[in-house]
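Novice: One structure is given below, represented as structure tokens, and several questions about it will come after.
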Amino acid sequence: MPDLDLSQPRQWISEAEGVAILTGAGISAESGVPTFRGAGGLWNNFRAEDLATPEAFARDPRLVWEWYDWRRGEIAKALPNPAHKALVQLEIRKRIFTLITQNVDGLHDRAGSGKILKLHGDIWRLRCLRCGANWPDRRVPLPKLPPHCQCGGVARPGVVWFGEPLPDGMMKEAEHAAAAARVFLVIGTSANVYPAAGLIPFARHSGARVIEINTGETPYTNLADCSLRGPAGEILPQLIG
Ligand code: BV8
Ligand code: ZN
């Protein structure tokens, strides 16, 4: 990775009273969790419309569960990487701190992050289609696909699919956090998916310094005050350490 001049972003972060973070699948890439759109990305083998939608689940719950059960197995082998851990250190130092994630893998929780807004839900939770019960289930593999609720109803993954609204109040809380931030760190997201990606211009227009960390360009690279090109697992510890 070329030598990056981190002095300016480091200064912005250390001087900021409030910090908000938006993470995507790229922050878990160095933990071995496949991303969605990169090389070897999850979507490369499947089309999102075929699997991550309520229609797909209604059409073939078993197929959709086979994909989620496989992903849960992959994620279960993964450990939080230095990028996840650097965010835990930053949270300890900042009075005003919110971690907003699009990821459903639970690696921020396992790293020790406290305040996490999970915009797209949690792959380790199940939700009953019949009675609405919502519970954690970390078994890999699941004994039976699709899994069922105690009421006998079919259970779905506790995630937000394309075409589904985010959990009630979640975006309001995320916007509140972005508006309160002096620095908005955008880490490992292709900034394709809305309304999550809309938080980036929202934070900028609310006066935050936007620092992007990504191995590639995104639609918001030019809007960022600084875009650091490289792996989050290497950059974040240097940026925050
Ligand atoms: C909604 C959970 C409304 C499931 C996911 C046209 C325009 C605008 C919007 C839309 C549109 N058409 C449709 C929409 C809406 C749609 C949308 O945004 N579609 C996109 C594709 C255009 N959005 C929705 O449907 C949302 N709901 O709008 O509801 C509504 C309101 C009321 C009533 C009814 C409906 C719901 C979206 C949520 C979908 N669920 N996931 C699951 O995980 O299985 S999205 C999925 O993509 C994941 O959550 C993932 O996190 C997310 C975003 O992807 P990224 O995290 O960015 O990952 P990606 O692989 O794309 O990128 C990785 C990045 O990391 C890359 O940039 C790469 O360069 C970088 N990287 C790689 N390695 C590293 C790295 N960076 C640093 N270090 C590294 N080592
Ligand atoms: Zn039930």
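The values are calculated or read from the model by the stated rules, or taken from the named source; none is laboratory data. Being a predicted model, the structure only gives us computed values, none of them experimental. Cβ placement follows ideal geometry from the backbone for every residue including glycine, while neighbour counts extend to all protein chains displayed. Please note that ligands, DNA and RNA were not included when accessible areas were found on the heavy atoms of the full protein model with its side chains. Shrake-Rupley method; radii C 1.70, N 1.55, O 1.52, S 1.80 Å.
Novice: Exactly one condition in (1) more than 27 Å from GLU30 (Cβ to Cβ); (2) without any contact (Cβ under 8 Å) to a residue 40 or more places away in the chain; (3) not hydroxyl-bearing (Ser, Thr, Tyr) is not met by ALA197; state its number.
Specialist: Every condition holds for ALA197 apart from (1).
Novice: Next up: Kindly list the number of the only condition in (1) among the β-branched types (Val, Ile, Thr); (2) more than 12 Å from ligand 1 (Cβ to nearest atom); (3) surrounded by 22 or more Cβ atoms within 10 Å (Cβ to Cβ) that fails for ILE235.
Specialist: For ILE235, the exception is condition (2).
One line per residue, one yes/no per condition, for (1) away from ligand 1 (no atom under 13 Å from the Cβ); (2) more than 25 Å from HIS84 (Cα to Cα); (3) polar (S, T, N, Q):
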{"site": "VAL140", "(1), (2), (3)": "yes, no, no"}
{"site": "LYS144", "(1), (2), (3)": "yes, yes, no"}
{"site": "GLY152", "(1), (2), (3)": "yes, yes, no"}
{"site": "ALA155", "(1), (2), (3)": "yes, yes, no"}
{"site": "GLY163", "(1), (2), (3)": "no, yes, no"}
{"site": "MET170", "(1), (2), (3)": "no, no, no"}
{"site": "TYR194", "(1), (2), (3)": "no, no, no"}
{"site": "LEU199", "(1), (2), (3)": "no, no, no"}
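Novice: Also: Mind checking which residues of segment 104-127 are of a type in the set (D, E, K, R) and at pLDDT 95 or above?
Specialist: Here is the first cut: in segment 104-127, the ones of a type in the set (D, E, K, R) are 105, 109-110, 115, 118, 122, 125, 127.
Residues satisfying the conditions are ASP105, ASP109, ARG110, LYS118, ASP122, ARG125, ARG127.
Novice: Which one of ARG95, ARG59 is more than 20 Å from ARG139 (Cβ to Cβ) and not assigned by TED's automatic domain parsing to the domain that holds PRO147? Before you say what the answer is, go through the steps one by one.
Specialist: Numbers: ARG59 fails: not assigned by TED's automatic domain parsing to the domain that holds PRO147.
Unique residue meeting the criteria: ARG95.
Novice: Answer with yes or no whether ARG130 is surrounded by fewer than 14 Cβ atoms within 10 Å (Cβ to Cβ), more than 16 Å from ligand 1 (Cβ to nearest atom) and under 25 Å from ILE21 (Cβ atoms).
Specialist: On the way: surrounded by fewer than 14 Cβ atoms within 10 Å (Cβ to Cβ): yes; more than 16 Å from ligand 1 (Cβ to nearest atom): yes; under 25 Å from ILE21 (Cβ atoms): no.
So ARG130 fails the test.
Novice: Something else: Would you point out which residue out of ILE13, ILE75 is modelled with pLDDT of 95 or more, closer than 29 Å to GLU164 by Cα and either open to solvent by less than 20 Å² (accessible area, probe 1.4 Å) or assigned to a loop (DSSP other than H, G, I, E, B) (or both)?
Specialist: Values: ILE13 fails: closer than 29 Å to GLU164 by Cα.
Among ILE13, ILE75, only ILE75 is modelled with pLDDT of 95 or more, closer than 29 Å to GLU164 by Cα and either open to solvent by less than 20 Å² (accessible area, probe 1.4 Å) or assigned to a loop (DSSP other than H, G, I, E, B) (or both).
Novice: Report those strands (runs of 3 or more DSSP E) wholly inside segment 128-208 carrying at least 2 residues which are more than 16 Å from the chain's Cα centre (by Cα).
Specialist: Numbers: elements: 134-136, 155-159, 183-187.
Here the list reads 134-136, 155-159.
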